[in-house]
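Visitor: Quick one: the structure is below, questions incoming.
The values are calculated or read from the model by the stated rules, or taken from the named source; none is laboratory data. Everything quoted here is computed from the prediction, not taken from an experiment. Counting neighbours? That spans all protein chains shown, and the Cβs are built from the backbone with ideal geometry, glycine included. Only protein heavy atoms, including side chains, enter the accessible area calculation; ligands, DNA and RNA are left aside. Shrake-Rupley method; radii C 1.70, N 1.55, O 1.52, S 1.80 Å.
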Amino acid sequence: MLIVGFTAALVASGCNSEREGEGGTAGTPAKGFAADALIGVALPSKTSENWVLAGDLFTNGLKAAGFQSDVQYAGASTTVADQQAQIVAMVTKGAKVIVIGATDAAQLSTQVAQAKQAGTVVIAYDRLITNTKDVDYYIAFDNFKVGQLQGQALLDGMKAKKPTGPWTIELFSGSPDDNNSGVFFNGAMDVLKPAIDKGDVVVGSGQTDVKQTATQGWKAENAQSRMDALLTSTYSSKTLDGVLSPNDTLARAIITSVKGAGKPIPVVTGQDSEVESVKSIVAGEQYSTINKDTRKLVAETIKMVKTLQTGAAPEVNDTKSYDNGVKVVPAYLLAPVIVTKDNAATAYADDPKLAPLTK
Ligand code: BGC
């Protein structure tokens, strides 16, 4: 059994466009609110570039849409308590919608219950909030698809380098308190497990349990020290062909570790299209990343807020995949794009920050 520990959150690939019933889910006010109302945005700590980008985009975008905004990040260490307090403060200040990128998926039920009580709409942003009925909408890139794309990129990259297997890999997953970590891992395993079962792909260390693959807090230093340990325990004579990394921050930490040990760089996956990783891909080091354009995700979220402001029900395109343990949360999912050196120029053509890096 490879997929252990993480809650399976299987996302069906088909996205039928459908509309929520008038008024949205139970408890969602259908009345709308003032065009200059306060909108709260509670983001996790800045564990990757996407969160840094999101904060600025929300502040500017909500202002441009005529709203007042309160955009907060959880601190670096007391993340859960920080975020809980920030959400309560937003409710107290009368926020009409609170957009939440959860620092810990399962630790917000009391705070979102308070929000609901006050008639505030709760939107889970990028990361699902679990174990509560009090989350109205989920907006994200299709995270199971992200995992599948990472698994496929790992296989493709290894085949391109060494046409015949078996290939030896290691698996890394994200922080266990982030619901996305399990979704990414399950998506990747959906692609990798058949190859592992056939013996085409071998996990060199045998570490496939989530307790072993997890990276607490999505911290680079935790991934780097685990990779250091793996290289010492397993790869003194064996070749490491590939590493499943759930995001770019961890991918670069893994590459740093391998370089430090004087080993050839394996095929390493990633996610987020961080500047340093795009440079690394173009330089032929990191193999892949995922483009989940934060500009688009924030723009769609603000569109959702504007629709709620008018009193109408926002558009969703998935009403069956994101079961948070208490209910299936109506979701608006965007499509992630895999990026390697081959398609980087096309993938970032409309991104003024990343496009120049691909020239
Ligand atoms: C996001 C990723 C990000 C990770 C660490 C996840 O929930 O979906 O894009 O790399 O958090 O910040």
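Visitor: Among the trypsin sites (Lys or Arg not before Pro) within the stretch 234-295, which fall in a DSSP loop and have no more than 16 other Cβ atoms within 10 Å of their own Cβ? Present the calculation step by step, with values, prior to reporting the outcome.
Guide: On the way: sites: 238, 252, 259, 279, 292, 295; in loops: 238, 292.
When the trypsin sites (Lys or Arg not before Pro) of the stretch 234-295 are filtered for loop state and at most 16 Cβ neighbours within 10 Å, 238 remain.
Visitor: Tell me the relative contact order for the stretch 123-190 as a rounded percent, counting alpha carbon contacts under 8 Å between residues six or more apart. Don't skip to the answer; put the middle values down first.
Guide: On the way: 73 pairs, mean separation 28.2, N = 68.
RCO, the stretch 123-190: 42 percent.
Visitor: Oh, and also: Spin-label point model (7 Å from Cα, Cβ direction): what's the residue 162 to residue 81 distance in nm?
Guide: Distance between label points: 4.8 nm.
Visitor: Using Cα-Cα distances under 8 Å and only pairs 6 or more residues apart, what relative contact order does the chain have, in percent? Please list the in-between numbers first.
Guide: Working: 757 pairs, mean separation 79.1, N = 359.
Here the relative contact order equals 22 percent.
Visitor: Take each of the peptides 347-353, 66-72, 41-47, average the number of other beta-carbon atoms within 10 Å over its residues, and list them starting from the highest.
Guide: Values: 347-353: 13.9, 66-72: 17.9, 41-47: 23.7.
Result, highest mean first: 41-47, 66-72, 347-353.
Visitor: Let me ask something else. Specify which residue in the list 225, 55, 237 is farthest towards the positive end of the charge dipole of the chain, using unit charges on the beta carbon of Lys, Arg (+1) and Asp, Glu (-1), about the Cα centre.
Guide: After comparing all options, I get 237.
Visitor: Something else about it: For the residue pair residue 106 and residue 350, what label-to-label distance in nm results when each label sits 7 Å from Cα along the Cα-to-beta-carbon direction?
Guide: A separation of 3.9 nm, rounded to one decimal place.
Visitor: Now a separate question. Could you give me the ³J(HN,Hα) list for the stretch 304-309, computed from phi with Karplus coefficients 6.51, -1.76, 1.60 and θ = phi - 60°, whole Hz, x at Gly and Pro?
Guide: 4, 4, 5, 5, 4, 4
Visitor: Tell me the label-point distance for the pair residue 319, residue 299, using the 7 Å Cα-to-Cβ offset, in nm and rounded to one decimal.
Guide: Here the modelled spin labels are 2.7 nm apart.
Visitor: If you don't mind, there's one more thing I want to ask. Given a Förster distance of 56 Å, report the FRET efficiency between residue 359 and residue 113 from their Cβ-Cβ distance, rounded to the nearest 0.05. Let's see the in-between values first.
Guide: Numbers: r = 51 Å, r/R0 = 0.90.
So, using R0 = 56 Å, E works out to roughly 0.65.
Visitor: Might you tell me the accessible area per residue for the chain, computed with a 1.4 Å probe and given in Å²? List each step's numbers first, then the result.
Guide: Values: 14230 Å² over 359 residues.
Solvent-accessible surface per residue comes out at 40 Å².
Visitor: For the pairs 116/327; 193/259; 145/292, flag any whose C-alpha to C-alpha distance is greater than 22 Å. Don't skip to the answer; put the middle values down first.
Guide: Numbers: 116/327 15 Å; 193/259 28 Å; 145/292 11 Å.
Exceeds cut-off: 193/259.
Visitor: Going toward the positive end of the dipole of the stretch 222-359, with +1 on Lys and Arg Cβ and -1 on Asp and Glu Cβ, which of 282, 261, 357 do you reach last?
Guide: So the residue furthest toward the plus end is 261.
Visitor: Would you work out what percent of the accessible area of the chain, with all protein chains in place, is carbon or sulfur (probe 1.4 Å)? Walk me through the intermediate numbers first.
Guide: On the way: 7460 of 14230 Å².
Of the solvent-accessible surface of the chain, carbon and sulfur hold 52 percent.
Visitor: Among 84-92, 228-236, what's the highest-first ranking by average C-beta atoms within 10 angstrom per residue? Intermediate values should be presented prior to the final figure.
Guide: Details: 84-92: 18.7, 228-236: 15.3.
The packing order, highest mean first, is 84-92, 228-236.
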